[in-house]
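Engineer: Quick one: the structure is below, questions incoming.
We did not get these values from a lab; they are worked out from the coordinates using the rules stated. What you are looking at is a predicted structure, and each value in this text was computed from that prediction instead of being measured. Glycine also receives a Cβ, built like all others from the backbone with ideal geometry; neighbour counts cover every protein chain displayed.
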Amino acid sequence: MCRHLAYLGPPAPLSRLLFDPPHSLAHQSWAPRDMRGGGTINADGFGIGWYSGVGAAPVRYRRATPLWSDTTLPGLAPSVMAGAVLAAVRSATVGMPVVETAAAPFSDGRWLFSHNGVVTGWPDSVAKLAATLPTADLLMLDAPTDSAFLWALVRDRLRRGDGLAAVVADVMAAAPGSRLNLLLTDGATIFATTAGHALSVRHGDGQVLVASEPLDDDPAWRPVPDRSLVTATPDAIASEPIELGEA
Ligand code: GLN
């Protein structure tokens with residue numbers, strides 16, 4: 001299952017997340033440690049979103065090929081500085097297309113979003129939930145995948161003032177057994193859920209990292225319990241349980 005991460009803190013080169021650490025995102029693309037729920041490697045695309053300036057919408061770079069096979073990025077990443085980043089490597093769920101637009105991060109305005117997991121019974125299980133979305137949002141889905149649909153749902157709930165926990169509860173009620181590790185940022189705050197997959201956080205020194213798997217053996221990494229909502233800024237981090245009806 002896909003691996004994702006988000007960073008907030010002092011501007012740092014993208015290479016510090018993607019390539020430099022012993023268990024960088026590139027390393028996790030071909031040697032992930034915890035692929036519970038299916039898949040062996042994350043070879044079906046990748047994406048990086050980062051904020052290049054105050055008030056600016058994020059920049060995205062996505063590909064439908066493995067992160068390790070990109071010959072441009074290792075040279076580019078050390079010279080791209082960002083104080084807010086969300087990046088992901090993808091292991092496509094069986095039956096879902098391997099296309100660039102299915103790779104996270106999904107984006108709208110200041111938001112960047114990623115999903116690690118699967119919606120069980122896709123697409124029938126969530127057809128009724130999909131019917132609650134504006135038709136234009138459904139017509140403009142990035143790709144016919146569960147993750148792109150989840151992004152449409154999250155975006156709609158954000159407009160209504162709801163957050164990730166409400167989306168996890170609604171989808172879990174419609175599609176029990178789904179794996180819904182969601183990751184969202186506006187460049188100032190990271191929101192993350194755990195529902196069926198691992199997640200770890202490292203907080204301190206004015207920076208925060210949220211990642212499917214720790215990037216190194218720094219003892220400051222902390223695992224997040226399953227069924228949690230994490231809200232993190234460089235200054236503070238909070239975790240609360242997500243109440244699920246079918247638990
Ligand atoms: N189901 C999603 C996809 O196919 C995410 C898969 C994953 O987490 N491995 O894109």
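Engineer: Between D226 and A31, what length in nm is gained on full extension when 0.36 nm per residue of separation is reduced by their alpha carbon distance?
Structural biologist: Numbers: separation 195, 0.36 × 195 = 70.20 nm, distance 2.27 nm.
Gain on stretching D226 to A31: 67.9 nm.
Engineer: Can you classify region 163-207 as rounded, prolate or oblate using the Cα gyration tensor, where a ≥ b ≥ c are the square roots of its eigenvalues, rounded means a/c under 1.5, and otherwise it's prolate if a/b beats b/c and oblate if not? Can you show the working numbers first?
Structural biologist: Details: a/c = 4.25, a/b = 1.95, b/c = 2.18.
The shape class here is oblate.
Engineer: Still on this structure, please answer the following. State, to one decimal in nm², a quarter of the convex hull surface area for the C-alpha atoms of region 142-216, i.e. the direction-averaged projected area.
Structural biologist: Averaged projected area of region 142-216's Cα convex hull equals 6.1 nm².
Engineer: If neighbour count is taken as other Cβ atoms inside 10 Å, put T71, T93, T65 in order from fewest to most. Let's see the in-between values first.
Structural biologist: On the way: T71 7, T93 21, T65 14.
So the residues, fewest neighbours to most, are T71, T65, T93.
Engineer: Separate question: Please give the contour-minus-distance gain from A56 to T40: 0.36 nm per residue of separation, less the Cα-Cα distance, rounded to one decimal in nm. Mind dumping the intermediate values first?
Structural biologist: Numbers: separation 16, 0.36 × 16 = 5.76 nm, distance 3.64 nm.
2.1 nm is the gain from fully extending A56 to T40.
Engineer: Once you list every other residue whose beta carbon is under 12 Å from the beta carbon of Y61, what net charge do they have if Lys and Arg are +1 and Asp and Glu are -1?
Structural biologist: Here the charged neighbours net out to +1.
Engineer: Tell me whether region 27-168 comes out rounded, prolate or oblate; compute the Cα gyration tensor, take square roots of the eigenvalues as a ≥ b ≥ c, and use a/c under 1.5 as the rounded threshold.
Structural biologist: Verdict is oblate for region 27-168.
Engineer: Let me know the Kirkwood hydrodynamic radius for region 104-169, please, with Cα pairs as the basis and the value in Å to one decimal.
Structural biologist: Evaluated on region 104-169, it is 12.1 Å.
Engineer: For the chain, compute Rh as the Kirkwood radius over C-alpha pairs and then the Stokes-Einstein diffusion coefficient at 37 °C and 0.692 mPa s; write the answer in µm²/s, rounded to an integer.
Structural biologist: Working: Rh = 17.7 Å.
Rounded, D is 185 µm²/s.
Engineer: A follow-up question, please. DSSP loop (so not H, G, I, E, B), at most 14 other Cβ within 10 Å: list which trypsin sites (Lys or Arg not before Pro) in region 116-172 pass both filters.
Structural biologist: Counting only loop positions with at most 14 other Cβ atoms within 10 Å, the trypsin sites (Lys or Arg not before Pro) in region 116-172 are R160.
Engineer: Relative to the longest principal axis of the chain, what angle (0 to 90°, nearest 10) does the C-alpha long axis of helix 146-159 take?
Structural biologist: The two axes meet at around 90 degrees.
Engineer: Apply the a/c threshold of 1.5 to the C-alpha gyration tensor of region 100-140 and tell me whether it is rounded, prolate or oblate. Intermediate values should be presented prior to the final figure.
Structural biologist: Numbers: a/c = 2.23, a/b = 1.26, b/c = 1.78.
Oblate, because a/c is 1.5 or more while a/b does not exceed b/c.
Engineer: When only DSSP loop residues count, what trypsin sites (Lys or Arg not before Pro) in region 1-108 have their Cβ near at most 16 other Cβ atoms within 10 Å?
Structural biologist: Qualifying residues, ordered by number: R33, R36.
Engineer: Sequence-distant or interchain residues sharing an amide H contact under 5 Å with A82, placed H: which?
Structural biologist: Result for A82 returns A12, L14.
Engineer: Could I ask something else about it? How much length is gained if the chain between D235 and A127 is pulled fully straight, taking 0.36 nm per residue apart and subtracting their Cα-Cα distance, in nm to one decimal?
Structural biologist: Working it through step by step, the gained length comes to 34.9 nm.
Engineer: Here's something else I'd like to know. When only C-alpha pairs under 8 Å and at least 6 residues apart count, what is the relative contact order of the chain, in percent?
Structural biologist: Result for the chain is 22 percent.
Engineer: Relative to the longest principal Cα axis of the chain, at what angle does helix 164-174 sit, 0 to 90 degrees, rounded to 10?
Structural biologist: In the chain, helix 164-174 runs at an angle near 40 degrees to the longest axis.
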